[in-house]
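No value in this document is a laboratory result; all are computed from the given coordinates. Small disclaimer: the values here were computed from a predicted structure and weren't measured. Counting neighbours? That spans all protein chains shown, and the Cβs are built from the backbone with ideal geometry, glycine included.
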Amino acid sequence: MKLTLQQVFDVTPVIATIIREKRVLPFKGSYRMMRAHAKLAPELKIVGDKYDEFLKLHAKAIEGQEGQFTMTPEFVAAWTDFAKDEIEITDLDPIPLEQLDPGDGVVGLFAADLIALGPLVKDD
């Protein structure tokens, strides 16, 4: 599956939250979510390191607010150019929506989760 670096940056923390919160999912969907996280986490480390590098180079630290930055146009331009690149994640396919629905009126994922998961969910 091809994903942009921005998609990796956006989707991996959502998957981590779903796993950490032990959301109720069917077994197959849960397995596929764990597997997707295992595939994406190493890529997120690389993308996250680059994001931090861009912060140091191009963003402006907010005085008195540890870890807070003002995004400059230079940061936005550098990050946008970097984040549009695509990478191939081998052995990762979109998860069919029905594998993420626990049924019986149980809510395992919220609409916002599904939107954030974007390319990792296949609705047939």
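Taking the listed residues V24, V47, the one that is under 23 Å from A112 (Cβ atoms), in contact (Cβ under 8 Å) with a residue 60 or more places away in the chain and not hydroxyl-bearing (S, T, Y) is V24, with no other qualifying. Of all residues in region 68-124, those being of a type in the set (A, V, I, L, M, F, W, C) and more than 30 Å from L57 (Cβ to Cβ) number 15. Screening L44, L117, L100 for residues that are more than 22 Å from T4 (Cα to Cα) and within 19 Å of the chain's Cα centre (by Cα) leaves exactly one candidate, L100.
Surrounded by 17 or more Cβ atoms within 10 Å (Cβ to Cβ), out of contact with any Ser or Thr (no Cβ under 7 Å at 6 or more places or on another chain), charged (D, E, K, R) and not in a helix (DSSP H, G or I): does that describe R32? It is false that R32 is surrounded by 17 or more Cβ atoms within 10 Å (Cβ to Cβ), out of contact with any Ser or Thr (no Cβ under 7 Å at 6 or more places or on another chain), charged (D, E, K, R) and not in a helix (DSSP H, G or I).
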